[in-house]
Structures are given as structure tokens and as C-alpha cells.
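**Q** Got a structure here, written out as C-alpha cells. Questions coming.
The values are calculated or read from the model by the stated rules, or taken from the named source; none is laboratory data. Being a predicted model, the structure only gives us computed values, none of them experimental. Cβ atoms come from the backbone with ideal geometry, glycine included; neighbour counts cover every protein chain shown. Surface areas here come from the heavy atoms of the whole protein model, side chains and all, with no ligands, DNA or RNA. Shrake-Rupley method; radii C 1.70, N 1.55, O 1.52, S 1.80 Å.
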Amino acid sequence: MSDADTPEIARTLTLPVRVTMQCEQAPNAWESWRHAPVEVALDDGSLPPGAHPLRDDGRVRLVLHTGLSLLLHADEGEGYHLNLTSGAPVWFVMWRPDDEDPSQATPALVTLSYNEAGRLLDAQERVDNLPLPAEVVDMLQAFTATHYRDRKSTRLNSSHSQQSRMPSSA
């Protein structure tokens, strides 16, 4: 069965995720607020979708954002491959500050593709990364092994097999 014949359902995978965002008030003389994702994990669905305050001491606030989906697409295989072979696979979190309240920020997208993260950065989006846990690395490796074929090694193998079929000129 060719990749084109694979049913569409098998070419995508959706994983529920949650992101914890940290907001720090006046971290230095140049910033009023500093936002950053501090944890990404698979979401067990124990909380309803939305923002859930975890801690706020007046200077640092932690907010858990649930109900997000990580979508794996077969055509992003190269980006997943690059992430897996980087030596330290990561989650990429694209987030945005609230236009009306700069003390708030919300994760908008989670991806595992280096290429998708690069496109987001090229579009001037804010993207941070966090280490990927072993269980998600295993899932990503299985998905990538099923859907990604390295074009360079395919070309090399094709070239090699063509040379072995050519008659030798002795």
C-alpha cells in the first residue's frame, strides 16, 4: 500500500496536551511582564478546558491551560525527524500575550515539528521549547517511522540500486 493509499485517519494523530504558563511581573527594568511556558504534558482530561490558576504570589503567577490538542500530520515527518535526531527532542509552544491585558498570555499551539516551529518563528510568533518526555518521544518515533521516508537516503539507495543494475564496462 503506498502512502497515498493510506487512509487519512492513519495519517494524523491527535494528542490532548496541557501547558503551564508562568507570568513574572516586572522581572527587570525593561519588561513589565515576562511570560514563558514552564511545562507541557499529555492531558488526562481531569480538568475542563480553559485556564486554571495554580499559584499567584503577586510577583509570579502559574496558570495551567487545558483542552489543547497536539496534531501530528504525516506530511510533517521531516520536522519530526529533525526534532528526534537533534539530540534533545522538545515540545514547541507558540503563545501569545493578551492584547487587552499584557499580564496574561495563552498558549495557542503545541507542535513537535522543527519545520512548523521555524515557520511560526518566521511569522514573528513567540515560540519556546521544553524537553520532551520519553513516553512522547516513543510515540513520536513510532509515528515518524510509519510516515517519514528520508528523501536523501531514498535517493542514495535508488542511485546505488541503479548502479548495481548497470552492466560493468570491463
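**Q** Quick check on residue 39: is it closer than 26 Å to residue 99 by Cβ and either of a type in the set (Phe, Trp, Tyr) or surrounded by 15 or more Cβ atoms within 10 Å (Cβ to Cβ) (or both)?
**A** For residue 39, the condition - closer than 26 Å to residue 99 by Cβ and either of a type in the set (Phe, Trp, Tyr) or surrounded by 15 or more Cβ atoms within 10 Å (Cβ to Cβ) (or both) - is met.
**Q** Now, a different point. Suppose we keep only residues that are under 26 Å from residue 54 (Cβ atoms) and assigned to a strand (DSSP E or B) within the range 72-100. Which one would you say is modelled with the lowest pLDDT?
**A** 97
**Q** Which one is nearest to residue 24 (Cα to Cα), of the residues in the range 86-108 that are surrounded by 15 or more Cβ atoms within 10 Å (Cβ to Cβ) and of a type in the set (S, T, N, Q)?
**A** 104
**Q** Starting from the range 4-21, keep only residues that are at pLDDT below 95, then list their pairs with residues that are in a strand (DSSP E or B) and open to solvent by less than 20 Å² (accessible area, probe 1.4 Å) whose Cβ atoms are within a distance under 6 Å, requiring at least 6 positions of separation or different chains.
**A** From residues that are at pLDDT below 95, the pairs are 13/72; 15/70.
**Q** Now, a different point. Among the numbered criteria (1) touching a residue at least 60 places away in the same chain (Cβ under 8 Å); (2) in a loop (DSSP other than H, G, I, E, B), which one does residue 48 miss?
**A** For residue 48, the failing item is (1).
Yes/no matrix, rows are residues, columns are (1) open to solvent by 60 Å² or more (accessible area, probe 1.4 Å); (2) of a type outside the set (Val, Ile, Thr):
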site: 68; (1), (2): no, yes
site: 80; (1), (2): no, yes
site: 84; (1), (2): no, yes
site: 110; (1), (2): no, no
site: 123; (1), (2): yes, yes
site: 137; (1), (2): no, no
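**Q** Pairs needed: first member in the range 93-107, closer than 21 Å to residue 41 by Cα; second member anywhere, at pLDDT 95 or above and outside any strand (DSSP E or B); C-beta distance under 7 Å; at least 6 residues apart or different chains.
**A** These pairs meet every condition: 94/120; 94/125.
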